[in-house]
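Colleague: Quick one: the structure is below, and I'll ask about it shortly.
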Amino acid sequence: MNSIGVDIGGTFTDLVGYRDGTLIISKTLTTPANPTLGVAKALELANTRLQDLDEFLHGTTIAINTVLERKGDKTALLTTEGFRDVYEIARGNRPDAFDIGFQRAEPLVPRHLRFEARERLDARGEVLTPLDEASVRAVGRKLLDEGISAIAVCFLHSYANPAHEAAAGKILREMCPDLFVTLSHEILREFREYERTSTTVLNAYVGPRVAKYLKTLETHMGENGFDGAIHIVRSNGGSMSLTHAAVEPVSMMESGPVAGMIGAGSVAKLLGIRQAIGFDMGGTTAKATLITDGVPGIEEGYYIGGYATGQPMQLPVVAIVEVGTGGGSIAWRDGSGGIHVGPQSAGSDPGPVCYDGGGTEPTITDANLILGRLNPSRFLGGGMALNLEGARAAIASRIGDPTGLSSDEAAMGVVRIADSAMALAVRAVSVRKGVDPRDAAMIAFGGAGPVHAAALCREIYIPTLVIPKLPGNFSALGMLLAPWRHDAVRTLVGILGRLDATRVRAGFDELQSAAQQRLAADGLDPMLAVFEFGADLRYRGQEHTIPVPLTSVDALVNADAGVTDTFHALHDMRYGHAASGETIEVANLRLTVTVPRGGDSVEQFLALPFVPEDPRPEQSRPVIFEDAAQPLDTRILWRPCLPPGFSVEGPAIIEESNSTTVVFPGDVARVTEHGHLVISIQLSKGEAQ
């Protein structure tokens, strides 16, 4: 099967695929005004026609950027009478108790666009007040008058009984056929009114823009001869059909970054690394994830834009911590003269100054070029010449001259500030989760990841760094590993050991039935599907839960010892203690369904013995590592021609078409039999175990 994965980032569009059994790759600048042009250019560079493909896997940042930039369409909210302000009241948590200037995020739906319907259910889903359809029709008329593009409908306790919500949705869809209607029970059947409302609003807010983009993409591909399947990567590490993505775009918030972490998990498993930290640095942001036994951690309670001021999304998401430091992140000075890096990015248009695309603000990429860590004549395999003098002038005028620093010193300062910000993200997925970085390895990718990874390892005391094959296109590569995946949840509260067996089995039957319908809608063979059951458990009196896998439905009904033992162990791992004598409560039932991918396997590519290209002459140039006043004469190697078993001690720069690896003095890099780079980091005395 001929398949490609395309990752559209804020700066570059990456492509990896298989055509007639041959691996194809390309990388080009993203076209923000029309991302499909970037896809077309990537295909052209890969010498591939759409009509030759059977499958197109895609990840994009359009959904999450719509939220972060607050560029969604005009959206309304319909909820139960008396509860219109739940969405704005939110939670009483205060992330920084000493920040007197702290302000919560503004709701995506202002109060005058939050409407109420007369209806009421209790927590068991029983009707207390029937739905007043006239009140819903009155809202529909207001929507038409206000020019609303989307509406989120979230009634109290509709997770237990969606009848009222479904009836309201039918009325609105009939009255306003052009309206993007999101019903909470179609997205999430789980309690917690605020988080459920926020998730529903997020879906409605990004819906029109994402649906328009996906329609444009589908039309473009159809007009150019593609008649295969289009799959969109989900935030949970799986994929879904384009049709499903168009109605549930909230599920693709982190679709691009997640794919790279899936690939990093495969590399960790191949190399026998139990604890790994996936690190992805692209043109706009840097991301980190903890990977255990080859599997990236998946969490709920994700916040778009950060915990302190972000929008909560209560869906399974690979646990990524993200900071606004990518290669294109802009270096700037505040009113007091302090130097900052990001979160603003030059993106692809105009891009860093050295791209010669009209950019005037210095970026991390400009700083790395000045330090000698990037080769101005080999960037993108020589496909894009970099303007060193332009970068130097921008750093000097905006950062160096006003602060009394040379351009080299200013560039060094920019890079160190960026490294410190990224180190916080890496600590957040390791130290804060009880994982000692000295017991882990970092797997770094993205166009800029291998440039900065060794410095991060030194700062956080990570002894081993892995740079996989094709690091600059690794997120696109990871898409070819993403199975079709569907996660479903139903709230069911009860004491473990005293559950109503009929209710439990009925709940799981409902989950399985919905999953079977989704499989059928996407044209998948149910015989290939893998069904995994689970339940969210907690000690009675606790607020939050821990998901626990189940070997069978009966294991939960009968409160098997394996279920309780697993919960106690997971609680101890997460919180540092367990209370084996306490009563355990069930909060939710869960079902995860996956369908493995067919066709050529990227896992096989990652594990294939590496065959190097013909040797290229070694180069050398001065590179700044630690002291801006003392650049070191550094070996410059071309990675594709380095044979398995080859090793080099830093200082060294290892270049390839779409990325560059920096090897610090004292570090030792070697090429594995599979072609991956493994770098032993020289930690200073007292840092290593």
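Colleague: Within the chain, which is the longest segment containing none of the GluC sites (Glu not before Pro) that sit in a DSSP loop and have at most 16 other Cβ atoms within 10 Å?
Modeller: 127-542
Colleague: Run through the DSSP bridge list for region 621-670 and note the antiparallel percent, rounded to the nearest 5.
Modeller: About 75 percent, rounded to the nearest 5.
Colleague: Less than 15 Å Cβ to Cβ from Gly294, Lys/Arg counted +1 and Asp/Glu -1: what total charge do the surrounding residues give?
Modeller: After counting each charged neighbour, the total is 0.
Colleague: Taking the Cα centre of region 140-258 as origin and charging only Cβ (+1 Lys, Arg; -1 Asp, Glu), how large is the dipole, in debye to the nearest 20? Don't skip to the end; give the middle numbers.
Modeller: Values: 11 positive and 14 negative charges, 32 e Å.
Charge dipole of region 140-258: 160 debye, to the nearest 20.
Colleague: Would you calculate a helix-derived [θ] at 222 nm for the chain, using -39,500 (n - 2.57) for each DSSP H run of n ≥ 4 and dividing by the full residue count, to the nearest 500?
Modeller: Details: 18 runs with 208 residues, N = 689.
Rounded to the nearest 500, the figure is -9500 deg cm²/dmol.
Colleague: With loop defined by DSSP as not H, G, I, E or B, and exposure as at most 10 other Cβ atoms within 10 Å, which is the longest segment of the chain clear of exposed trypsin sites (Lys or Arg not before Pro)? Working shown, then result.
Modeller: Working: sites that count: Arg91, Arg124, Arg498, Arg540, Lys685.
The answer is 125-497.
Colleague: Let me ask another. How large is the Rg to Rh ratio of the chain when both quantities use alpha carbon positions and Rh follows Kirkwood? Kindly include the intermediate steps, with their values, before the conclusion.
Modeller: Values: Rg = 25.9 Å, Rh = 26.5 Å.
Ratio of gyration radius to Kirkwood radius for the chain: 0.98.
Colleague: How fast does region 484-595 diffuse by Stokes-Einstein, in µm²/s, taking the Kirkwood radius from C-alpha pairs at 20 °C and 1.002 mPa s?
Modeller: On the way: Rh = 14.6 Å.
Answer, rounded: 147 µm²/s.
Colleague: Can you give the angle from 0 to 90° between the axis of helix 449-460 and the longest principal axis of the chain, with both taken from C-alpha atoms, to the nearest 10?
Modeller: 80 degrees
Colleague: Enter the Cα centre distance for the pair region 439-470 and region 565-588, rounded to the nearest angstrom.
Modeller: Region 439-470 and region 565-588 have Cα centres spaced 34 Å from each other.
Colleague: Any idea what the alpha-carbon Rg over 2.2 N^0.38 Å comes to for region 329-415?
Modeller: Working: Rg = 12.1 Å, N = 87, 2.2 N^0.38 = 12.0 Å.
Relative to the rule-of-thumb radius for its length, region 329-415 sits at 1.00.
Colleague: Express as a percent, rounded to the nearest 5, the fraction of DSSP beta bridges in region 70-209 (both residues included) that run antiparallel.
Modeller: Close to 15 percent.
Colleague: Figure the gain on full extension for Arg49 and Ala211 (residue separation times 0.36 nm, minus the Cα-Cα span) and round it to one decimal in nm.
Modeller: 55.9 nm
Colleague: Further, regarding this structure: Report the local net charge at His676: Lys and Arg +1, Asp and Glu -1, summed over other residues whose C-beta lies under 14 Å from its C-beta.
Modeller: Values: positive: Lys269, Lys469, Arg639, Arg670; negative: Glu603, Glu656, Glu673.
Summing Lys/Arg as +1 and Asp/Glu as -1 gives +1.
Colleague: Could I ask something else about it? Considering only Val39, Gly207, Val466, whose Cα is most displaced toward the positive end of the charge dipole of the chain, charges sitting on Cβ of Lys, Arg (+1) and Asp, Glu (-1)?
Modeller: The one lying farthest along the dipole's positive direction is Gly207.
Colleague: From the backbone phi of region 154-171, what are the Karplus-calculated ³J(HN,Hα) couplings (6.51 cos²θ - 1.76 cosθ + 1.60, θ = phi - 60°) in whole Hz, Gly and Pro given as x?
Modeller: 9, 8, 4, 6, 5, 5, 7, 8, x, 4, 5, 5, 5, 5, 5, x, 4, 4
Colleague: At what distance in angstrom do the alpha carbon centres of region 293-325 and region 199-268 lie from each other?
Modeller: 17 Å
Colleague: How large is the charge dipole for the chain, taken about the Cα centre, if only the Cβ atoms of Lys, Arg (+1) and Asp, Glu (-1) carry charge, to the nearest 20 debye?
Modeller: 580 debye
Colleague: Of all beta bridges DSSP finds with both residues in the chain, what is the antiparallel percent, to the nearest 5?
Modeller: About 70 percent, rounded to the nearest 5.
Colleague: Would you work out if region 199-346 is rounded, prolate or oblate? Take a ≥ b ≥ c from the square roots of the eigenvalues of the alpha-carbon gyration tensor; rounded if a/c is under 1.5, else prolate when a/b is larger than b/c, oblate otherwise.
Modeller: Cα axes put region 199-346 in the oblate bin.
Colleague: Aspartates and glutamates within cross-link reach of Lys215: Cα-Cα under 16 Å, excluding same-chain residues under 8 positions apart?
Modeller: Result set, ordered by chain and number: Asp178, Glu223, Asp227, Glu248.
Colleague: Further question on the same structure: Collect residues whose amide H, placed 1.01 Å from N in the peptide plane, falls under 5 Å from the amide H of Glu585; neighbours closer than 5 in sequence don't count.
Modeller: Leu496, Arg538, Tyr539, Arg540
Colleague: Suppose the chain between Arg141 and His340 were pulled fully straight at 0.36 nm per residue; how much longer would it get relative to their current alpha carbon spacing?
Modeller: 66.8 nm
Colleague: In degrees from 0 to 90, rounded to the nearest 10, what is the angle of the helix 35-45 Cα long axis to the longest principal axis of the chain?
Modeller: 50 degrees
Colleague: Per residue and in cubic angstrom, what volume does the convex hull of the Cα atoms of region 70-209 have?
Modeller: Taking the convex hull of the Cα positions in region 70-209, it is 110 Å³ per residue.
Colleague: I've got another one for you. Extending each Cα 7 Å along its Cβ direction at Gln517 and Cys641, get the distance between those two points in nm, one decimal.
Modeller: Result for the modelled spin labels: 6.0 nm.
Colleague: So between Arg124 and Ala559, what do we pick up on full extension, going 0.36 nm a residue minus the alpha carbon distance?
Modeller: 154.3 nm
Colleague: Label 7 Å along Cα→Cβ of Val247; region 186-204 residues with amide nitrogen under 20 Å?
Modeller: Taking a point 7 Å out along Cα→Cβ of Val247, the residues of region 186-204 whose backbone N falls under 20 Å are 186-190, 197, 199-204.
Colleague: Mind grabbing the base-10 log of I(q)/I(0) for region 611-673 at q = 0.14, 0.21, 0.29 Å⁻¹? Debye formula, identical points on the C-alpha positions, no solvent, two decimal places.
Modeller: Listed by q, the Debye log ratios stand at -0.40, -0.84, -1.35.
Colleague: Which angle between 0 and 90 degrees, to the nearest 10, do you get for helix 501-521 versus the longest principal axis of the chain when only C-alpha atoms count?
Modeller: Between the helix axis and the principal axis of the chain, the angle is about 60 degrees.
Laboratory data are not the source of any read-out in this text; all were calculated from the coordinates shown. This is a predicted model, so every value here is computed, not measured. Every residue, glycine among them, receives a Cβ derived from its backbone with ideal geometry; neighbour counts consider all protein chains shown.
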